[in-house]
1. Based on this model, can you work out whether LEU125 counts as under 30 Å from ILE310 (Cβ atoms), surrounded by 14 or more Cβ atoms within 10 Å (Cβ to Cβ) and modelled with pLDDT of 90 or more?
2. Restricting to the stretch 256-294, count the residues that are surrounded by 15 or more Cβ atoms within 10 Å (Cβ to Cβ), of a type in the set (Val, Ile, Thr) and either within 19 Å of VAL158 (Cβ to Cβ) or without any contact (Cβ under 8 Å) to a residue 60 or more places away in the chain (or both).
3. Determine which member of the set TYR163, TYR172 is closer than 30 Å to SER74 by Cβ and either part of a helix (DSSP H, G or I) or under 17 Å from the mean Cα position of the chain (by Cα) (or both).
4. Considering only residues that are among the hydrophobic types (A, V, I, L, M, F, W, C) and in a loop (DSSP other than H, G, I, E, B), look in the stretch 192-215 and name the one that is farthest from GLY268 (Cα to Cα).
5. I need a count of the residues in the stretch 250-265 that are under 16 Å from TYR184 (Cβ atoms) and touching a helix residue (DSSP H, G or I) at 6+ places or on another chain (Cβ under 8 Å).
6. Do the conditions hold for GLY283, that is, is it within 24 Å of ILE197 (Cβ to Cβ), outside any loop (DSSP other than H, G, I, E, B) and out of contact with any Asp or Glu (no Cβ under 9 Å at 6 or more places or on another chain)?
7. Among residues belonging to the stretch 74-97 that are under 19 Å from ARG191 (Cβ atoms) and touching a Phe, Trp or Tyr at 6+ places or on another chain (Cβ under 7 Å), point out the one that is modelled with the highest pLDDT.
8. Any residue at all in the stretch 216-239 that's charged (D, E, K, R) and part of a helix (DSSP H, G or I)?
Amino acid sequence: MNFLLITIKGVIRNAEGASSVSYLGTHDSSGSQTSSTLSSHEESTASSRNVFTSQALSPLSWSDYIFKYLLVTSNLLFTLLGLVTLVVGLWGLINKESFAQEKISSIGTDPMLLFCFLGLVLALLSLMGCVGALRENMCLLQIFSAAVLFLVVAQVLVAVVLYSLQGQIVEYLRSGMLAAMVRYQDDLDLRFITDEIQTGLQCCGADTYRDWEINVYFNCSAPGVQACGVPPSCCIDPLENGTVWNTQCGVGAQQLDEFSAQSVIFLGGCLGSIWRWIEQHSGVIVTVVIIVLGVQILTLFITARLLQKIRWSRAQHDVYLQSLQ
């Protein structure tokens with residue numbers, strides 16, 4: 001009987017040991033599964049994080065690079081145009097000796113300053129767009145795009161006004177040139193512009209060389225040697241010996257008949273020469289205007305695309321930094 005009890009207790013102990021071993025084995029297995037699950041989750045998280053990093057910090061695509069350097073190239077061209085305009089303005093100031101001591105006080109009204117101002121603004125604006133594109137600076141690009149948009153709108157409005165007033169443009173030009181001829185001796189700036197027009201277009205007066213009679217100094221009833229004369233810029237050969245400006249070459253030209261005067265001065269007026277020049281170069285003028293406007297509109301599109309790309313990249317980068325915290 002005692003032997004039977006001892007045998008039963010041994011069986012029960014063995015069963016308990018086996019169950020405990022079985023329980024421990026089950027616990028270890030679940031632990032290993034849990035660790036395996038955690039490991040795979042971390043790997044997937046790291047993998048997704050690497051993918052996100054590559055997307056957030058990915059460089060510009062090839063199309064973005066093309067747009068970017070197109071913007072840089074166009075801005076460099078406009079910078080060159082601005083510098084040329086600035087040089088023309090400075091040439092006008094120097095050629096008129098506007099920096100002389102006796103003219104410093106009136107330099108603020110010099111029209112050549114307009115060329116200097118426009119050239120400087122255009123050069124600085126284009127450099128701003130160029131630097132903004134290369135450095136991907138949103139502030140510079142936004143200022144640049146706003147300025148270009150303003151210029152495009154202003155140019156379109158000017159074109160519309162000129163087209164609507166094309167029948168009156170000739171009269172405006174005539175009135176302006178006659179007013180400049182009246183003040184020819186009193187305003188050095190108007191004298192310079194008038195001389196450049198007459199010399200460049202080889203013309204004299206508004207409609208004819210006799211228009212200079214409206215000037216008090218060239219009027220035939222005026223005292224002095226310039227009476228019944230024309231400015232030297234009307235002369236066919238205004239230079240004496242090819243070097244010195246001959247101020248007396250147009251003296252008494254209004255007293256000559258057209259046959260005699262044509263060997264000394266230009267007979268045709270500048271309005272006809274200006275209109276003929278515009279008609280001869282109308283195709284070139286329209287082409288240049290369309291190209292300039294097209295380049296500016298394309299510049300606006302490229303700038304907007306580049307700004308959108310910069311905003312997207314920075315937003316993705318901020319989200320990525322937040323995911324690391």
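The values are calculated or read from the model by the stated rules, or taken from the named source; none is laboratory data. Please read these numbers as outputs of a predicted model, since none were measured by experiment. Counting neighbours? That spans all protein chains shown, and the Cβs are built from the backbone with ideal geometry, glycine included.
1. Yes; evaluated as a whole, the condition is true for this residue.
2. 3
3. Details: TYR172 fails: closer than 30 Å to SER74 by Cβ.
It is TYR163.
4. The extreme case among them is ALA206.
5. 4
6. Judged against the criteria, GLY283 is a match.
7. Filtering first and then ranking leaves VAL88.
8. No, there is no match, as no residue in the stretch 216-239 is charged (D, E, K, R) and part of a helix (DSSP H, G or I).
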